[in-house]
1. Which value, in debye to the nearest 20, describes the size of the charge dipole of region 4-120 about its Cα centre when Lys and Arg Cβ atoms bear +1, Asp and Glu Cβ atoms bear -1, and nothing else is charged?
2. Determine the gain in length on full extension of the stretch residue 36-residue 115; use 0.36 nm per residue of separation and subtract their C-alpha separation, reporting nm with one decimal.
3. So between residue 108 and residue 60, what do we pick up on full extension, going 0.36 nm a residue minus the alpha carbon distance?
4. How large is the helix-only mean residue ellipticity at 222 nm for the chain, computed as the sum of -39500 (n - 2.57) over DSSP H runs with n ≥ 4, divided by its residue count, in deg cm²/dmol to the nearest 500?
5. Could you tell me which label, among [x] 117; [y] 176; [z] 92, carries the value of volume of the Cα convex hull per residue in Å³ calculated for this structure?
Amino acid sequence: MSKRILVVDDEELVRNYVTRALLSRGYDVITAVDGASAVAIIEKEDFDLAICDLKMPDLRGEEVIRRLKVRRPLTSVIVITGSVSDISNPILPMLSVDGFLIKPFGINEVREMVEKILKAK
């Protein structure tokens, strides 16, 4: 059975880019266009990994990750951010974030990080 990955980003271009990178490796990918839709998906479905943007217009990424970890504590998390300074966000270590993708990032960077995290799981 392939690993299930949730991709959450309000930017369609980023969401599609990450999704294509993962589908080409045989992962089962579900996408969410914003934080609210991600939370609704999390309530119903289980994932091995979630890739979540931090800055979204409705629910910020930190809140989506917090809700994910409450509902699905074993799900690994990669954060997408446009700023290196977001990595020092004091909330993120408490949420057990497994990795960061800083925009702009490459397809190989996405694939390598996902494979490393899922292999370690």
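1. The calculated dipole for region 4-120 is roughly 280 debye.
2. Stretched out fully, the residue 36 to residue 115 stretch lengthens by 25.7 nm.
3. 14.7 nm
4. -12500 deg cm²/dmol
5. Recomputing volume of the Cα convex hull per residue in Å³ here picks out [z].
Readers should treat all values here as calculations from the given coordinates under stated rules, not as data from a laboratory. All of these numbers come straight from a predicted model, not from anything done at the bench. Methodologically, a virtual Cβ is constructed for each residue, glycine included, from the backbone with ideal geometry; neighbour enumeration extends over all protein chains shown.
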